[in-house]
Amino acid sequence: TEEQRVLIVRQYRPAVERDTLELPSGLVDPGETPEAAARRELLEETGYQGGEWQVLGAMEPDTGRLANRIWTCVAKGVRPAENRPPEEGIEVLTWSLNELAQAMTEGRFSMALHVAAVMMAVLKGGLRLVPL
């Protein structure tokens, strides 16, 4: 965000029968670029928009069973859009970078694909986490 906070979404996931803490995310629609999809999903899920965006690249989540790819983007300086509430069923949290690092080490932020996305952002210079 403009305040240097990370947007986290809390939502119920039926597969694990509990609320999870994740990054905003979603699918790339046919004909859509990864950045356009990320911007759309951020707005839909959190009600935030704008900022400076960097596409960090694609990763293959499970080549032993799946042929899909995930894309990672970093957006800096996003802000709430006027009259745009978060998607129903999603609670938006804003964490400091230290809170994100703490949640990762404690296992509260534990979706492997999203932990990998955070690490890719760190390695490519889009995010700076300090070891705890």
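Return the residues of segment 112-132 that are surrounded by 10 or more Cβ atoms within 10 Å (Cβ to Cβ) and either under 14 Å from PRO61 (Cβ atoms) or touching an Asp or Glu at 6+ places or on another chain (Cβ under 8 Å) (or both); say none if nothing qualifies. Listed by number, the residues that qualify are LEU113, HIS114, VAL115, ALA116, ALA117, MET119, MET120. For LEU23, the criteria (1) free of Cβ contacts under 8 Å to residues at least 12 places away in the same chain; (2) touching a helix residue (DSSP H, G or I) at 6+ places or on another chain (Cβ under 9 Å); (3) hydrophobic (A, V, I, L, M, F, W, C) hold in every case but one, which is (1). The residues listed here are LEU27, LEU42, LEU7; of these, the one that is under 25 Å from LEU123 (Cα atoms), exposed (fewer than 15 other Cβ atoms within 10 Å of the Cβ) and either of a type in the set (A, V, I, L, M) or out of contact with any Leu (no Cβ under 7 Å at 6 or more places or on another chain) (or both) is LEU27. Scanning segment 57-79 for residues that are part of a loop (DSSP other than H, G, I, E, B), open to solvent by 80 Å² or more (accessible area, probe 1.4 Å) and of a type outside the set (S, T, N, Q) yields GLU60, ARG65, LEU66, ALA67, ARG69. Taking the criterion of being open to solvent by 80 Å² or more (accessible area, probe 1.4 Å) and touching a strand residue (DSSP E or B) at 6+ places or on another chain (Cβ under 8 Å), the residues of segment 80-98 that qualify are PRO80, ARG84, GLU91.
The values are calculated or read from the model by the stated rules, or taken from the named source; none is laboratory data. Computed from a predicted model, the values in this text were never measured in an experiment. Don't worry about glycine lacking a Cβ; one is built from the backbone with ideal geometry, like all the others, and counts go over all protein chains shown. For the accessible areas, the whole protein counts, side chains as well, though only heavy atoms, and no ligand, DNA or RNA atoms are used. Shrake-Rupley method; radii C 1.70, N 1.55, O 1.52, S 1.80 Å.
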